[in-house]
1. Among the numbered criteria (1) hydrophobic (A, V, I, L, M, F, W, C); (2) at pLDDT below 95; (3) out of contact with any Asp or Glu (no Cβ under 9 Å at 6 or more places or on another chain), which one does residue 147 miss?
2. For the range 81-117, which residues satisfy the criterion of being out of contact with any Ser or Thr (no Cβ under 8 Å at 6 or more places or on another chain) and in contact (Cβ under 8 Å) with a residue 40 or more places away in the chain?
3. Quick one: in the range 151-174, of everything that is in contact (Cβ under 8 Å) with a residue 24 or more places away in the chain and of a type in the set (A, V, I, L, M), which residue is most open to solvent (accessible area, probe 1.4 Å)?
4. Only one of 106, 94, 81, 124 is part of a strand (DSSP E or B) and either open to solvent by 40 Å² or more (accessible area, probe 1.4 Å) or in contact with a Gly (Cβ under 8 Å, 6 or more places away or on another chain) (or both). Can you tell me which?
Amino acid sequence: MKRKVFATALTMSMVMGLAACGGGSSAQTTAAAENKTEAAGTTAAESAAETKGAAAETKADGAVTGTKQGETVLKCAFNQSAENPEAETVRRMSDELYDATNGRYSIEVYPNELLGNQADSLQSVEVGAIDMALVANSIVEGVNPDFAIIGTPYIYDSVEQQEKLFKSGVLDEL
């Protein structure tokens with residue numbers, strides 16, 4: 001179980017490290033979406049699943065979702081704002097996960113340390129309280145020192161070299 005948790009944490013940190021922010025999305029308020037949905041005679045879930053490029057929705061508990069919500073929603077803790085490029089990437093990843101699993105899964109991002117700081121978030125993943133957390137490599141190193149190799153200073157000559165290493169499979173055993 002611990003290997004799975006560490007693998008998930010490492011994968012998320014690598015994905016976030018390599019992710020780039022796309023352009024902004026169009027703003028769409030919840031009220032406007034509901035009015036449009038009622039006029040079309042579809043449910044809110046159907047409308048959200050069909051909407052491409054719509055703005056992310058912020059829920060009452062502070063979670064930010066992509067445009068599609070799966071049957072099972074995975075919770076992802078994050079210490080930065082909902083506008084951060086990494087949060088945007090997780091929302092896009094959520095929509096891709098929704099599509100790849102035929103609507104079975106999606107991800108909610110809980111930004112601004114809503115579920116605790118990075119160390120608390122990783123501990124919540126370890127005990128199964130939440131599904132994912134975006135944490136600094138140094139936090140993961142505290143749990144498994146083998147991850148220190150990823151953050152070794154001056155080990156990479158360029159971002160391209162780091163990306164090539166992460167995609168090569170050399171670190172898969174971690």
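The values are calculated or read from the model by the stated rules, or taken from the named source; none is laboratory data. Remember, it's a predicted structure, so these values are computed and weren't measured experimentally. Here Cβ is always computed from backbone atoms with ideal geometry, including for glycine, and neighbour counts include all displayed protein chains. With ligands, DNA and RNA removed, areas are computed over all heavy atoms of the protein, side chains included. Shrake-Rupley method; radii C 1.70, N 1.55, O 1.52, S 1.80 Å.
1. Of the numbered conditions (1) hydrophobic (A, V, I, L, M, F, W, C); (2) at pLDDT below 95; (3) out of contact with any Asp or Glu (no Cβ under 9 Å at 6 or more places or on another chain), the odd one out for residue 147 is (3).
2. Of everything in the range 81-117, those that are out of contact with any Ser or Thr (no Cβ under 8 Å at 6 or more places or on another chain) and in contact (Cβ under 8 Å) with a residue 40 or more places away in the chain turn out to be 85, 86, 88, 89, 90, 92, 93, 103, 110, 114.
3. My answer is 174.
4. 106
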